[in-house]
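The values are calculated or read from the model by the stated rules, or taken from the named source; none is laboratory data. If you're wondering where the values come from, they're calculated on a predicted model, not measured in any experiment. Here Cβ is always computed from backbone atoms with ideal geometry, including for glycine, and neighbour counts include all displayed protein chains.
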Amino acid sequence: MKQLKTLTLLGMVLGLFWSCGGTKSAEAITLKKHQFEALKTLVATKSFVFNAETAYPMQSYDAMRVTSALLRNTGNTAGRISLMGNGDYIKVKGDTVLAELAYFGEVRIVTSLDPRDSGINFEGVPSTFEITENEKKQTLRLEFDIRAKTEPYSVIMQLYPNKNATVFINSMSRTSIRYDGTLSAFEESISTK
């Protein structure tokens, strides 16, 4: 009889924990849906900015060895470089996209001899601009192709409901690079680099 009471009490306690977990899960799902709707609204305005916080260059082994030596004692590695405080960004304002991003990687084809052109800089109207919504994962994917002064870029932006974002930039002249950062509404008062 005592065993039966113990099992009944144990079952009630487990049932209580189970029901509390389900409530929290439902709240989390509702919150994520609201965040996803807010993200879709922000992107639909075509007035937002991606602030890059970390760069992940894709380099060959030899380039990584050189980069590691140059970055020694900085807190960065050849595969992960902090951009905090640099002001690197991609801005979308209407049909125009503007970017100023530091570049850490290998240049395959030199398109400019000006050392100020070493970063990824472009401004203009992309030749293609596509937004894809993944309702199941609750993410948005922006893909666009844009031409800078000296080279074309293919850009993929993966946007998440918590306003985090990952950006992949590909070019025929350089190795690919990935940036992680945050997304926010574009404000005219934001100064450029």
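Regarding Ala52, is this residue more than 18 Å from Leu140 (Cα to Cα), surrounded by 18 or more Cβ atoms within 10 Å (Cβ to Cβ), at pLDDT 90 or above and not hydroxyl-bearing (Ser, Thr, Tyr)? In short, no. Only one of these conditions is not met by Val92: (1) closer than 22 Å to Arg178 by Cα; (2) at pLDDT below 80. Which number is it? Val92 satisfies every listed condition except (2).
With the requirement that a residue be more than 10 Å from Phe36 (Cβ to Cβ) and either surrounded by fewer than 18 Cβ atoms within 10 Å (Cβ to Cβ) or β-branched (Val, Ile, Thr) (or both), what does region 135-147 give you? Result: Lys136, Arg141, Glu143, Asp145, Ile146, Arg147.
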